[in-house]
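Remarks on the structure that follows.
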Amino acid sequence: MAFSPLMRELMDALRVLPGVGQKSAQRMALHLLERNRVGGQRMAQAIQSALDRVGHCQRCRALSEDEICALCLDERRDNSQLCVVQGPQDIFAIEQTGYRGRYFVLRGLLSPLDGLGPESIGIPQLLQRIADEGFAEVILATNPTVEGEATAHYIAQSLQDNGILVSRLAHGMPLGGELDTVDGGTLTHALAGRKAMEL
């Protein structure tokens with residue numbers, strides 16, 4: 001089937017979403033045009049409104065409609081802990097654990113090959129915030145990838161003379177996992193990070 005230029009443009013636009021390939025974009029576009037034009041209008045308005053009004057919190061750099069986000073304004077949170085994450089989506093994951101401290105969003109990881117240095121991902125702003133707010137602990141919650149480890153190491157080195165406890169999320173065996181199904185890299189991290197059992 002030959003698609004019109006406007007239909008092809010819609011399909012190409014849908015493909016900017018993660019995990020949406022050519023076939024998925026085609027199905028979505030046809031569904032919106034054939035079966036749910038009202039839903040398509042609602043989606044278009046919601047996307048436009050979000051693009052116009054959602055920016056970044058000036059304190060933690062998470063996505064927010066306000067200059068300071070609701071998490072940063074929450075006075076019940078623990079001001080002694082700062083959790084450093086790669087992107088806004090990581091805040092939602094950390095919140096599920098019951099963590100009640102503060103956040104800082106890097107919006108990327110160090111990657112010299114991609115031209116991403118400390119300034120590109122906000123490390124100077126992070127260090128300034130730590131200096132200004134006097135946190136007792138900085139939790140580095142970047143992903144356990146090469147870039148994530150390099151970023152965590154860089155931040156930890158930058159803070160080594162500040163007298164602040166710098167911690168890293170533990171990596172290793174998933175709860176309920178079995179040794180023979182865990183990949184070698186995960187098992188290596190688990191073994192290296194082993195700790196004494198409490199009896």
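For segment 130-141, state whether one or more residues are farther than 21 Å from His56 by Cα, free of Cβ contacts under 8 Å to residues at least 40 places away in the same chain and not aliphatic (A, V, I, L, M). Yes, some residue in segment 130-141 is farther than 21 Å from His56 by Cα, free of Cβ contacts under 8 Å to residues at least 40 places away in the same chain and not aliphatic (A, V, I, L, M).
Annotation: of all residues in segment 127-142 being of a type outside the set (S, T, N, Q) and under 18 Å from Leu169 (Cα atoms), the one that is surrounded by the most Cβ atoms within 10 Å (Cβ to Cβ) is Val138. For the criterion of being in a helix (DSSP H, G or I), in contact with a strand residue (DSSP E or B) (Cβ under 9 Å, 6 or more places away or on another chain) and without any contact (Cβ under 8 Å) to a residue 24 or more places away in the chain, Ala150 fails. For Gly122, the conditions (1) on the phi < 0 side of the Ramachandran plot; (2) surrounded by 15 or more Cβ atoms within 10 Å (Cβ to Cβ); (3) not acidic (Asp, Glu) are fulfilled apart from (1).
Here is a check on your reading of the model: is His189 in contact with a Pro (Cβ under 9 Å, 6 or more places away or on another chain), modelled with pLDDT under 90 and under 19 Å from Ile94 (Cα atoms)? Against the criterion (in contact with a Pro (Cβ under 9 Å, 6 or more places away or on another chain), modelled with pLDDT under 90 and under 19 Å from Ile94 (Cα atoms)), His189 does not qualify.
When Arg76, Arg59 are checked against the criterion of being under 19 Å from Gly134 (Cβ atoms) and surrounded by 15 or more Cβ atoms within 10 Å (Cβ to Cβ), a single residue qualifies: Arg59.
Among the residues making up segment 147-168, those that are over 18 Å from Ala136 (Cα atoms) and either in contact with a Ser or Thr (Cβ under 9 Å, 6 or more places away or on another chain) or acidic (Asp, Glu) (or both) are Glu147, Gly148, Glu149, Ala150, Thr151.
The values are calculated or read from the model by the stated rules, or taken from the named source; none is laboratory data. From a predicted model like this one, the values you see are computed outputs, not experimental measurements. Glycine also receives a Cβ, built like all others from the backbone with ideal geometry; neighbour counts cover every protein chain displayed.
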